[in-house]
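Structure first, commentary second.
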Amino acid sequence: MDINQHTINDEKANGTWFDFYEDEDVKFKIASTESSAYKKAIAKLSRKINPSKLRKNPTLMQQVTAAAMADAILIDFKGVTDKGKALKNTLENRKKLMEIPAIRDFIGEQSTDLANFETGGEAEDTASLKSDAGVAS
């Protein structure tokens with residue numbers, strides 16, 4: 001194992017597009033929890049609340065985390081509608097999306113999976129594409 005394959009690619013960490021589960025029409029641009037923007041957002045929101053209150057109240061902690069994710073993890077989205085009307089990318093709408101457990105969980109899973117943002121993944125993807133080239137299915 002080369003340790004360089006596990007370094008975070010800053011460009012990817014600041015936002016990578018993901019299909020929402022198997023639905024290729026819905027995409028979310030998600031940043032890593034390792035991004036400086038997320039760390040700043042969570043720190044800023046957490047400072048406003050007594051730490052013991054956060055520890056004792058899981059619902060409050062979830063609200064703070066969701067707000068930070070809306071601010072700095074969910075960067076953009078495509079294919080999302082509200083009653084048939086395309087949803088615009090605003091902080092308010094990102095907060096609405098973070099209130100939906102299935103979406104919040106998906107974004108949380110992708111943002112914490114550091115393999116999504118590692119430099120090494122690029123080399124592996126390229127090698128895979130080269131090795132698969134010309135192979136008949």
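Conditions first: (1) out of contact with any Leu (no Cβ under 7 Å at 6 or more places or on another chain); (2) open to solvent by 80 Å² or more (accessible area, probe 1.4 Å); (3) of a type in the set (A, V, I, L, M, F, W, C). Ala66 passes all but one, so which condition is the exception?
Here Ala66 clears every test but (2).
Output the residue which, of all residues in the stretch 73-96 that are polar (S, T, N, Q) and out of contact with any strand residue (DSSP E or B) (no Cβ under 9 Å at 6 or more places or on another chain), is least open to solvent (accessible area, probe 1.4 Å).
Among those that are polar (S, T, N, Q) and out of contact with any strand residue (DSSP E or B) (no Cβ under 9 Å at 6 or more places or on another chain), it is Thr90.
The values are calculated or read from the model by the stated rules, or taken from the named source; none is laboratory data. Because the structure is predicted, anything quoted here is derived from the model rather than measured. As a convention, Cβ positions derive from the backbone with ideal geometry for all residues, glycine included, and neighbour counts pool all protein chains shown. Accessible surface is based on the protein model in full, side chains and every heavy atom, while ligands, DNA and RNA are left aside. Shrake-Rupley method; radii C 1.70, N 1.55, O 1.52, S 1.80 Å.
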